[in-house]
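Take a look at the structure set out below.
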């Protein structure tokens, strides 16, 4: 009797469960019919990221075909669904985008990157004052092709004079080029008075009140960028050059006439250089000053050219970047990397010492470690109409 009652209970439970499952199935079916418009919309949204085989292209408009063809590396024999994030990543990697010319960069994205790089408090303010300034040097109705900023020591009188009397005279043939000498200060009153007299004669000195020393070359270069940004922003390019460099201005201008990239630094490029850990070296770099094992790509600080926009962007980034004492690595490496500036190698913009002759500089742009005496010799020979050179010697 007891077994019969248990059997009946099980049958009733099975029947009730069956009835419940049937009811739930019906409700689910009815709900799916009610939600069908939304369901169709979701499918359409997913199909926006659907890459179809070429044989189905006839069902698409011509614009849709162009859209699909730009993702050729992603196409497969079957339809592939990708997310919106994958879609954007593929768009950036497509040949269509990568083949664009460098001068057609997306300036909005660059501005956004710079904004993100410079969020926060200024950590390296260049708040030095001008002892001597040339605010009117670049003023005029027309833009300039080039501003030359010669970084020189306070006591470098003979070197500055040699430049004025030699390759600086090329500027008289180039009305669209200007030049200034950039220096800091020292605590010798007699030397400073000579600097004032020198500037009174030539009006080509810019002097800030930071201490002028080898360890402060990065400060001097940041100051040069700031001056270019504030007082010579009509120049297309800026040449930063040391005072022992001979510059063949006509050759330099010919090279610059071919440059179209709006954010570029041109010089002698170094890639893969490592910090020197030898404490006895002049260029010893402590780990706390630069913790990375390899320096970013950079160009030699002896001479390099940068476009106006590159100069402005690097200066802006430097305000938020810890100062590093090796000037070329700091300006053209660390700060240029943050600002995403293009670096270009030009072998004729060299840090190497050339033979002190007109023939050695006939087709060159610069040469390094040139004495004041040799500057006169090189310039005199370059001006000689009878100069005959064999293999640049």
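Read the figures in this text as sums done on the coordinates, not as results from a lab. Just so we're clear, the structure is a prediction, and the values are computed from it rather than from any experiment. Glycine gets a Cβ as well: all are built from the backbone with ideal geometry, and neighbour counts include every protein chain shown.
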* Asked: For the stretch 130-382, what is the relative contact order in percent, using Cα pairs closer than 8 Å and at least 6 residues apart in sequence?
  -> 24 percent
* To do: Find how many whole Å separate the alpha carbon centroid of the stretch 238-268 from the alpha carbon centroid of the stretch 202-229.
  => 19 Å
* Based on the Cα atoms of the stretch 130-382, what semi-axes does the equivalent ellipsoid have, where each is the square root of 5 times one gyration tensor eigenvalue, given in whole Å with the largest first? -> 26, 22, 20
* **Difference of contour (0.36 nm per residue) and Cα-Cα distance, residue 390 to residue 123** => 90.7 nm
* Hey, fewest Cβ within 10 Å first, where do 382, 171 land in order? -> 171, 382
* Convex hull volume of the Cα atoms in the stretch 273-393, per residue, in Å³? -> 141 Å³
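Rank the residues 363, 368 as a footprinting-exposure proxy: fewest other Cβ atoms within 10 Å of their Cβ go first.
Least crowded to most crowded, the residues run 363, 368.
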* Between residue 136 and residue 197, what length in nm is gained on full extension when 0.36 nm per residue of separation is reduced by their alpha carbon distance? -> 20.1 nm
* Compare the peptides 206-216, 247-257, 285-295 by average per-residue count of other Cβ atoms within 10 angstrom and give them in order, highest first. => 247-257, 206-216, 285-295
* Asked: For the stretch 233-304, what relative contact order do you get, as a whole percent, if you take Cα pairs closer than 8 Å and at least 6 residues apart?
  -> 44 percent
* Gained length - residue 176 relative to residue 258, 0.36 nm times residue gap less alpha-carbon distance -> 27.9 nm
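What ranking of 159, 282 emerges when the number of other C-beta atoms within 10 Å of each C-beta is taken as an exposure proxy, fewest first?
The order, fewest Cβ neighbours first, is 282, 159.
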